[in-house]
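Throughout, read-outs are computed from the coordinates displayed, never taken from laboratory work. Everything numeric here is computed off the predicted structure, so don't read it as measured data. Cβ: placed from backbone, ideal geometry, glycine included. Neighbour counts: every protein chain shown.
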Amino acid sequence: MIYFSRIISPHSNSTRNLFTSLGLQTKLEKIDLLQFPAELIRNFSIIAHVDHGKSTLADRLLEITGTISSNIKNEQVLDKLQVERERGITVKAQTASLFYEYKGQTYLLNLVDTPGHVDFNYEVSRSLRACEGVILLVDANQGVQAQTVANFFLAFEADLTILPVLNKIDLPGADVETVQKQMKNVFDIEPHEILQVSAKHGTGVEEVLKAVIDRIPPPTTDIKKPFKGLVFDSTYEKFKGAVTNVSVKDGVVKKGDKIVSAHTKKSYEVQDVGILYPEQTSTGCLYGGQVGYMMANIKSMTDVWIGDTLYHEKSPVEALPGFKPAKPMVFAGIYPMDQSEYQSLKMALEKLTMNDPSVSVSNDNSEALGVGFRLGFLGLLHMDVFNQRLEQEYDASVIPTAPNVSYKVKLKGDKNIKFYGAEEIIILNPCKLPDPSIIEAQYEPMVYSTIIVPVDYIGDINPLCMERRGEILDQSYIDDTRIMFKVIFPLNEILIDFYDELKSVSSGYASFDYEDHGYQESDLVKIIYLLNGKELDELTMISHITKARQKGREIVEKLCKSIPRQLFKVSVQACVGGKVLARGRYSTLQERCYGKMLWRRYQ
C-alpha cells in the first residue's frame, strides 16, 4: 500500500546534509493519512523504571521503521532537551510516528517515550491518555523495581493493554528466568507472554513491533463524527506561539479549520497540522485515532490548557474528562538575581509552565531577596531540572530558596477563621504559620512508598524506616532474593537525603517510589533562627517536635562554620516559641593595633 505520494532520497546532493544532520533516512513530502483507518493505527507508550532502556528501545524502533538512519550513532534521539542529554534521563514525554509494513499492510504506529523517574510521573499519566497500550520494559539484570510497579498500575488503572518486554538480555548478569518469576509474582504476567530483547544491539526488537500490532488494540474512533481532540502536551515556539500535541478522538481536523477550546471558549484558525516523524512533518490533516501536532496562532500562554478539548466552531461536542491536576509535593521560593529582571522571569515561567503544567506558581516576596515566586514541584529532581531549564532555555538567573513541604492547619475561634477565610488552611511558606495559640490541630503530608531491596539488607532497612518515622504496612517476597516493603512516611522525612541514605545502606541495590497519601495529624513546631537577635525568615522551617532540637543544632553549627568571622561577637540561635533550642557563638577577629592603626606593626 502506498501511504505517501513522494519520497525525497537522502542521498541526493540537495538534501544529503540536511538529512544527515537530522538522522532521517527518508523525508515525507506529503502523506495521505486517509489511507490509515483506525484498524491500521496503534498508539502505544514505553514505560519503565529509570535507566531500564526506554530511550534506547525507542531509538531502535525508529531505526527499524526507517524513521531515522541506522548508519549513524543514534542515542536518545527523542530526548530533545539539553538537560536530558546532560543528565542522561528523560524528563519530557516525546511523540514519534512510525510506518511499518506487516503481513502485507502498512501500519501507522504512534510511539510515546516517557520519563522513568518518580518526579515525572505526571508526564507518564498524561501520555497514557493518548494510548491504547504500553510496552512495560524491565531490565533483565536489575529486575522489577519500585517505579516498574508504579508505572504498571498507572497503565492498569487506565485500562491499557500491557505488553511485557525484558531488556538487556545480552548483559552477563542478566537472569531472565528469575525476572520472569518476579513479573509473575508481582503482576500476574505469564512467562510465555514476555518478549526478550537487547535494545542496545537490536536483538528481538522487530518482534516487539509485530507484537504491538498483534496485541495492542486499535483506537476506538469514528471519523464521520464532529472533530474532538485532546490536548495532551504543548510547547512554546518564539515565532509560532503555542504548538499543541493532539490526540484526535473523533472526526478530522484540517489546515484552515476554525476550532474552539472547550476551556476558554476562544476560537482559532488551524495554521498547520501534521505528525512528528520525529520532527514536525506537515500533513494538512489528522483523522480520528491519529496523534500529531497542531499550530493555531495561539499567542497567549493562558489560552492553551493541557487536558483541554478542541472542536470545530460549528460543531460543539461534549468536553473530554481532561487530566487529574498534578499535586505539588515540594515548594520553594525563586527570585530573580536582579529585581529589574522580575518581568522577564515572569514571562519565562509562563512559557515553561505551559510545557510543564505540573509546576504551580504563586507570587511571593522576601525582605532579603525582594519580589519573586513560590513554585510547587513533584520532587527535588523535578525542581532541579526546572531551574536548569529556566537557565538554559530562557537565560534566567535565579536564586532558589530551601525546599519545604505544605502543611495543613485547623484554626479555632470564629474571629481567626474569618480572618484567614477558612477553618482549615494550607501553609506553603513556614513563615506564615499562625500563632500556636489559635491552632486547634496541625497536619503534615504523608506518602505511601514502595521499597524493593535484596533480602540481605532487611536488617538495615527496618531501622532506617523507624528513624524516619515510617510505618511499615507490609513486607512481601517478590522472589527468593528480594523483598518489597510498603511503608507510610511523612513527606518531610524522605524529602532531602532519604534516597541517598537508602542507597548507602543497601550498597546501591534498593529502589524507591512513592505517591501522595493525604495528610495526618502531627505535633509540629516552627523553628526560627536568630542572628544577633534578628530573625532570618529564609531559614525558618516547620519540624516534628521530636526532631526540632536535632535540626536546630545542625543548622546552628553550619551557620557558625559558614559565616565569616567579624570584629564583633556574633550569636546564632535556634528558637521555638521563645525557647532557645540551640545556641552558637564564635570568637571575634583579634584587633592588633600598633600606633592606633589596625594590623600595622612597627619593628
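Near Arg129, once Lys and Arg are set to +1 and Asp and Glu to -1 for all other residues with Cβ below 11 Å from its Cβ, the sum equals +1. For the chain, DSSP calls about 85 percent of its internal beta bridges antiparallel. Neighbour counts of C-beta atoms inside 10 Å place Lys412, Lys240, Lys579 in the sequence Lys579, Lys412, Lys240, starting with the fewest. What does the C-alpha gyration tensor say about the overall shape of region 99-151? Classify as rounded when a/c is under 1.5, otherwise prolate if a/b is larger than b/c, or oblate. Judged from the Cα gyration tensor, region 99-151 comes out oblate (a/c at least 1.5, b/c at or above a/b).
Remark: Leu61, Leu380 ranked as Leu380, Leu61, counting other beta-carbon atoms within 10 Å and listing the fewest first.
Our summary of shape: the Cα atoms of region 302-435 have principal axis extents of 55, 42, 27 Å, ordered from largest down, in whole angstrom. Considering all different alpha carbon pairs of region 190-233, the Kirkwood hydrodynamic radius works out to 13.8 Å. For region 122-180, the C-alpha radius of gyration divided by 2.2 N^0.38 Å, with N the number of residues, is 1.21. Evaluated at 37 °C with a viscosity of 0.692 mPa s, what Stokes-Einstein diffusion coefficient in µm²/s does region 525-586 have when Rh comes from the Kirkwood expression over alpha-carbon pairs? The diffusion coefficient I find is 283 µm²/s. Under 5 Å between amide hydrogens, built in the peptide plane, is the criterion, and for Gly284 it picks out Val273 among residues at least 5 positions away or on other chains. Remind me, relative contact order of the chain in percent, using alpha carbon pairs under 8 angstrom and six or more residues apart? This gives 9 percent for the chain. If you sort the three axes of the alpha carbon gyration tensor as a ≥ b ≥ c, you get a/c of 1.5 or more for region 330-397 and a/b no higher than b/c, which makes it oblate. Could you tell me the distance between the Cα centroids of region 141-191 and region 229-247, to the nearest Å? Taking the Cα centre of region 229-247 as reference, the centre of region 141-191 is 33 Å away. Listed by chain and number, the aspartates and glutamates whose C-alpha is less than 17 Å from the C-alpha of Lys410, apart from same-chain residues fewer than 8 away, are Glu423, Glu424, Asp435, Glu440, Glu444, Glu521, Asp523.
Ordered by the number of other Cβ atoms lying within 10 Å of each residue's own Cβ, fewest first, Ile298, Ile452 fall into the sequence Ile298, Ile452.
With helices as the sole contributors, the chain gives -7000 deg cm²/dmol at 222 nm; each DSSP H run of n ≥ 4 counts as -39500 (n - 2.57), and the sum is divided by every residue. Here Lys103 is the anchor, and the lysines within straight C-alpha reach of less than 16 Å, apart from those fewer than 8 places off in the same chain, are Lys210.
Across region 250-267, computed HN-Hα scalar couplings (Karplus, 6.51 cos²θ - 1.76 cosθ + 1.60, θ = phi - 60°) run 8, x, 9, 10, 10, 4, x, 5, 9, 10, 10, 7, 5, 7, 9, 6, 8, 9 Hz from first to last residue, x flagging Gly and Pro. Legend: calculated FRET efficiency, Glu467 to Lys346, from the Cβ-Cβ distance at R0 = 35 Å, rounded to 0.05, equals 0.25.
How far, in degrees from 0 to 90, does helix 54-64 lean away from the longest principal axis of the Cα atoms of the chain, to the nearest 10? Roughly 20 degrees between the two axes. Taking one quarter of the surface of the C-alpha convex hull of region 407-521 gives a mean projected area of 8.0 nm².
Taking the inverse of the mean 1/r over every pair of distinct Cα atoms in region 216-312 gives a Kirkwood hydrodynamic radius of 13.1 Å. Could you tally the net charge around Tyr311, taking each other residue with its Cβ under 13 Å from the Cβ of Tyr311, Lys/Arg +1 and Asp/Glu -1? Here the charged neighbours net out to +2. Provide the net charge surrounding Glu350, with neighbours chosen by a C-beta distance below 15 Å and charges set as Lys +1, Arg +1, Asp -1, Glu -1. Once positives and negatives cancel, what remains is 0. Sorted into 10 angstrom bins from 0, the C-alpha pair distances of the chain split as 3, 14, 22, 23, 18, 11, 5, 2, 1, 0, 0 percent. For the chain, the longest principal axis of the C-alpha atoms and the axis of helix 380-394 are separated by about 70°.
Once backbone amide H atoms are built at 1.01 Å from N, Leu98 has Leu109, Asn110, Leu111 as its partners under 5 Å, excluding neighbours fewer than 5 places away on the same chain.
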